[in-house]
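The values are calculated or read from the model by the stated rules, or taken from the named source; none is laboratory data. Predicted, not measured: the structure shown is a model, and the values here were computed from it. A quick note on method: Cβ atoms are made from the backbone with ideal geometry, for glycine too, and the neighbour counts reach across all protein chains shown.
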Amino acid sequence: MNILFVSRLLALWKKELLTLARDRHGLAALFVMPAIFILVMSLALADTLSGQRDAIVSYAVLDLDQSTLSRSFDAQLTSFDAIEKQAGLPDLAIARHRVEAGELAFALVIPLGFGQSVGQRQTPGLRLLVDPAVPKVMQSGFRQRVEAAASRFWLKQALESLGRMIPGLVESVEQAAPEMTVEAVGHDAEQISAPSAVQQNVPAWLIFSMFFVVIPISAVFIGERQHGTLQRLRTQQVSFGCVLAGKFLPYVLVNQVQAVVMVGIGRYLVPLCGGEALILPDGAAALAALWLVSLAVSVAAVGWALFIASLARSSEQATILGGVGNILMGAIGGIMVPRFVMPAAMQVWARSSPMNWALEGFHQVMLRQGGVADILPAAAALVCFGFAALGAAVFLDHRARAQ
């Protein structure tokens, strides 16, 4: 690398940083937009992703039978996940009214003759009143839990009937089921917790904002093309590769500043607004792994931005191509909707998005206590994507000059 090339490169870096400093709209897209997203989404989804939310819906039981067995069955029903059991209902009209008013998500009706149906072939079925505003998944889950509880209750009553003739039968059946041992697997499994809203949203919107360097890069690049700056650089024997290198490093540095700012927002501003603070892993190795992921995301984002800038002929085209491309990669890749809540087919598609590779890299360190070796596959994929995009940009330039 000769002195002339280095001096040209330094001059290009200085020019890019000065140009970016004057671009208020570009800086707003890079810093203000993701900061707002991190703050709003972390607070809005704090309960949904924490797994520790208070029950937001409830149910109550209407016992029309009022027998010993019906009361015993009612006593066995408890609060389920995110569904709280309230006091019993006095009659069917009040049960319907409370469900219609949204005060209850479900009202379980135990019918007349419930207690006398044990051991009979024809049994009156339970009845469930449902608020249609409750998500279908929650409706299905609650119904399955009640049906399972009823099946266990019915089986126990049948066994107790037989147990009168065969002493010890119920106790032997209850003791026959083996105990289940639950083991968490992974790096330091006992330290792993489910991702919270801030653990999801800080890296997600940081990645999204890094890829939005496509807006300022495209604006500068296309402006230089339209004003003849690139042509004048060519007459001074400045190669297109040198021009790309002159734009590459300044925006990689900007991305790293973004990373520091967004992590600071998650760590200090979100808790001030009532959310959960972002907890970074301890140790130099973990922090080094996070920085390597951030650097790999920068390479991918800047490479993608330079490819779009080379492809587009106007700022409008660049905004459409870059903006829509980023939104699609974010929507598919788990930025806007976490991948773990997607259907199975969508989770497969999510793995094709570079933003998902980046998010998995961050989560590998933040959630699974991974190190540098654990993030290398994701980082390598991002770097390959970035250099492939740069190669495509150089190819487009050569083809344009050959025409």
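Checking Glu316 against (1) surrounded by fewer than 20 Cβ atoms within 10 Å (Cβ to Cβ); (2) over 22 Å from Ala392 (Cβ atoms); (3) among the acidic types (Asp, Glu), which single condition isn't satisfied?
In the conditions (1) surrounded by fewer than 20 Cβ atoms within 10 Å (Cβ to Cβ); (2) over 22 Å from Ala392 (Cβ atoms); (3) among the acidic types (Asp, Glu), Glu316 misses (2) alone.
Tell me which residues, restricted to the range 10-26, are touching a helix residue (DSSP H, G or I) at 6+ places or on another chain (Cβ under 7 Å) and in a helix (DSSP H, G or I). Give the steps one after another, and end with the answer.
From the range 10-26, those touching a helix residue (DSSP H, G or I) at 6+ places or on another chain (Cβ under 7 Å) are 12-13, 16-17, 19-20, 23, 26; that's our starting set.
Selection gives Leu12, Trp13, Glu16, Leu17, Thr19, Leu20, Gly26.
Just one of Leu206, Leu159 is in contact with a helix residue (DSSP H, G or I) (Cβ under 8 Å, 6 or more places away or on another chain) and either within 30 Å of Ile279 (Cα to Cα) or modelled with pLDDT of 85 or more (or both); which is it?
Leu206
Identify the residue in the range 280-303 that is outside any helix (DSSP H, G or I) and without any contact (Cβ under 8 Å) to a residue 40 or more places away in the chain and, among all such residues, is nearest to the chain's Cα centre (by Cα).
Asp282
Report whether or not Met336 is within 20 Å of the chain's Cα centre (by Cα), surrounded by fewer than 22 Cβ atoms within 10 Å (Cβ to Cβ) and assigned to a helix (DSSP H, G or I). First the steps, then the outcome.
Details: within 20 Å of the chain's Cα centre (by Cα): yes; surrounded by fewer than 22 Cβ atoms within 10 Å (Cβ to Cβ): yes; assigned to a helix (DSSP H, G or I): no.
Against the criterion (within 20 Å of the chain's Cα centre (by Cα), surrounded by fewer than 22 Cβ atoms within 10 Å (Cβ to Cβ) and assigned to a helix (DSSP H, G or I)), Met336 does not qualify.
Identify the residue in the range 203-228 that is surrounded by 24 or more Cβ atoms within 10 Å (Cβ to Cβ) and small (Gly, Ala, Ser) and, among all such residues, is nearest to Leu20 (Cα to Cα).
Taking the candidates together, the pick is Ser218.
Could you tell me which residue of the range 356-403 is surrounded by the most Cβ atoms within 10 Å (Cβ to Cβ), considering only residues that are more than 29 Å from the chain's Cα centre (by Cα) and of a type in the set (Gly, Ala, Ser)?
Ranking the candidates gives Ala393 first.
Sort out which residues of the range 133-153 are surrounded by 10 or more Cβ atoms within 10 Å (Cβ to Cβ) and within 23 Å of the chain's Cα centre (by Cα), and write them in order of number. Write out each step before concluding.
From the range 133-153, those surrounded by 10 or more Cβ atoms within 10 Å (Cβ to Cβ) are 134-135, 138-153; that's our starting set.
Val134, Pro135, Met138, Gly141 - these are the residues of the range 133-153 that are surrounded by 10 or more Cβ atoms within 10 Å (Cβ to Cβ) and within 23 Å of the chain's Cα centre (by Cα).
Just checking, does the range 287-305 include any residue being buried (at least 23 other Cβ atoms within 10 Å of the Cβ) and aromatic (Phe, Trp, Tyr)?
Looking for residues that are buried (at least 23 other Cβ atoms within 10 Å of the Cβ) and aromatic (Phe, Trp, Tyr), one finds at least one in the range 287-305, hence yes.
Anything in the range 3-52 that is more than 27 Å from Val220 (Cα to Cα) and modelled with pLDDT under 75? List them, or say none. Quick ask: steps written out before the conclusion?
So in the range 3-52, the residues more than 27 Å from Val220 (Cα to Cα) come out as 38-52.
Selection gives Leu45, Ala46, Asp47, Thr48, Leu49, Ser50, Gly51, Gln52.
Suppose we filter the range 342-374 for residues that are touching a Leu at 6+ places or on another chain (Cβ under 9 Å) and β-branched (Val, Ile, Thr); how many remain?
Residues in the range 342-374 being touching a Leu at 6+ places or on another chain (Cβ under 9 Å) and β-branched (Val, Ile, Thr): 2 in total.
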